[in-house]
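Single-structure report; data block below.
No value in this document is a laboratory result; all are computed from the given coordinates. Every value quoted in this text rests on a predicted model; they were computed, and no experiment measured them. Quick reminder, even Gly has a Cβ in these numbers, built from the backbone with ideal geometry, and neighbours come from all protein chains shown.
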Amino acid sequence: MSSTSVFPVRATAVRDAKAISDLYALVALDLYRSLLGTDQLPPLGQDKRQAYWREAIEFAEPQVMAAMHGERIVGFVGFDRSRDDGSRQTTGEISDMYVHPDFQGLGVGLSLWHAARQGLHDEGCIDVTLWMQARNATGLRFFELAGFKREPGAEREVQVAGHTLSELRLQRTLI
């Protein structure tokens, strides 16, 4: 597979909840291992995680799109209107973007970003934000190359598996 591969992206269906949940767990574990030095996910069992994604997909909160390699889901993105207090109705948010480790750097993230951008535009959004772990260098590099900028002063601390992590908010216009 070359780095110029294009991965088709499709809307997810409830039947995809297990694959989305499993992919989330795989990528999140990789991320937490690098950020926290732990081999444990935050305490949310597989059944609860799968139920979360099933509901998200069923009610489109957030909208979830999947990148495909044949019949296999190799990445997904969740997006909707911004959940941040005081945000405008025309501000969207990317809440999740995960790519299988074997497919990172091959264009999956770019395909997902384009799908989310189009979906948010179709919803009337003109801006988009996302929150990201401050130490996630790969993710930050990807989104900065996609035109996102760090919002000065938009930082928060979150608790993950008993550790405090810093998150940054990034933003960009969609037009």
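A few comments on the model shown:
- Axial C-alpha extent at least 18 Å, average Kyte-Doolittle at least -0.5 - helices from the chain (DSSP): 17-36, 108-122
- Here is the list for the stretch 68-175: trypsin sites (Lys or Arg not before Pro) lying in DSSP coil, each with at most 16 other C-beta atoms within 10 angstrom of its C-beta, are Arg83, Arg88, Arg135.
- Taking Lys and Arg as +1 and Asp and Glu as -1, the other residues whose beta-carbon sits under 12 Å from that of Leu26 total -1.
- Helical content of the chain, expressed as a calculated mean residue ellipticity at 222 nm, amounts to -11000 deg cm²/dmol (DSSP H runs of 4 or more residues, -39,500 (n - 2.57) each, divided by residue number, nearest 500).
- Under 5 Å from the amide H of Gly92 lie the amide H atoms of Ser82, Ile126, Asp127, Val128, Thr129, each residue being 5 or more positions distant or on a separate chain, with H modelled from the backbone and absent for Pro and chain starts.
- For the listed peptides 6-15, 103-112, 50-59, a ranking on the average number of other beta carbons within 10 Å per residue, highest first, reads 103-112, 50-59, 6-15.
- Förster radius 22 Å - calculated FRET efficiency between Leu26 and Ala137, Cβ distance, rounded to 0.05: 0.70
- Kirkwood analysis of the Cα pair distances in the chain returns a hydrodynamic radius of 16.6 Å.
- With 0.36 nm allotted per residue and the present C-alpha distance subtracted, the Gln46-His163 stretch has 40.0 nm of extension available.
- For Leu35, neighbours were defined as the other residues whose beta-carbon sits under 12 Å from its Cβ, and their charges (Lys and Arg +1, Asp and Glu -1) total 0.
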